[in-house]
1. Heads up, I need the accessible area for V64: 1.4 angstrom probe, whole protein in place, Å², nearest 10.
2. So how long is each side of segment 19-110 along the principal axes, counting just the alpha-carbon atoms, biggest first, in Å?
3. Arrange the peptides 73-79, 97-103 so that the one whose residues have, on average, the most other Cβ atoms within 10 Å appears first.
4. Measure off 7 Å from each Cα along the Cα-to-Cβ vector at L160 and D148, then give the distance between these two points in nanometres to one decimal.
5. Quote the accessible area belonging to R40 in square angstrom, nearest 10, computed with a 1.4 Å probe and with ligands, DNA and RNA left uncounted.
6. Amide H neighbours of N151 under 5 Å, counting only residues 5+ apart in sequence or on other chains, H built in-plane at 1.01 Å?
7. Which Rg and Dmax, in Å, describe the Cα atoms of segment 41-174?
8. Ignoring everything except DSSP H segments at least 4 long, calculate the 222 nm mean residue ellipticity for the chain; use -39,500 (n - 2.57) per segment, divide by total residues, nearest 500.
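The values are calculated or read from the model by the stated rules, or taken from the named source; none is laboratory data. Predicted, not measured: the structure shown is a model, and the values here were computed from it. In this analysis, Cβ positions are derived from the backbone assuming ideal geometry, glycine residues included, and neighbour counts consider all displayed protein chains. Side chains included, ligands, DNA and RNA excluded: accessible areas come from the protein's heavy atoms. Shrake-Rupley method; radii C 1.70, N 1.55, O 1.52, S 1.80 Å.
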Amino acid sequence: MGALDENGIWLYTEDDPASPFSDTLNLLAESTSDQFTADRARLSAVEGRGNASAWSPSFTNAAVGNGAVNAYWARVGALVHWSWKWVFGSTSNITGVFVSDLPTAVTGGSWMAVGSGFVGRGTATSNRTTLVCRMSSSSGFNLWMDGDSVNEDSPLGPWLAGDVISVGGVYLAA
């Protein structure tokens, strides 16, 4: 005799007052059922952490001004996915070698690539330059294109309202 528990695991029952064989079988069945419960709790936690969260990256040698930055990130275990897009306004600028932070510290070090993207003039699909996000510290990166970092001199000429930098990537959190 027996019945299924809440996890669908068969638990045996006996009416024998002595320690029956079903007690031995249930040791395995109950531990399996307990593990299902624990696994479901971990999965629920992972799925909850995988939801995208808004994020406000900090920039060094740059001012967003009246531009707009949209940034999101999600973490599942040690794996972090991130992305942001900065549309320049008339008071946006970059004044030196550009640095952006990431939502969490990175496993690895300087010069490691953690993403890619582009810089573009307005919303046109032409006149874009591909970028690589290269770590400059445990939580900050520079934008590199064609062997040089993005800085006060736009690769497209002077920085203008409507210019776009859009980057994103995946890395292992420290």
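1. For V64, solvent-accessible area is about 40 Å².
2. Sorted largest first, the three principal extents are 81, 27, 11 Å.
3. The most tightly packed comes first, giving 97-103, 73-79.
4. The modelled label-to-label distance comes out at 1.9 nm.
5. Its heavy atoms expose roughly 130 Å² to the probe.
6. It is F98, by chain and number.
7. Radius of gyration, then largest Cα-Cα span, for segment 41-174: 15.2, 53 Å.
8. Numbers: 1 runs with 29 residues, N = 174.
Computed mean residue ellipticity for the chain: -6000 deg cm²/dmol.
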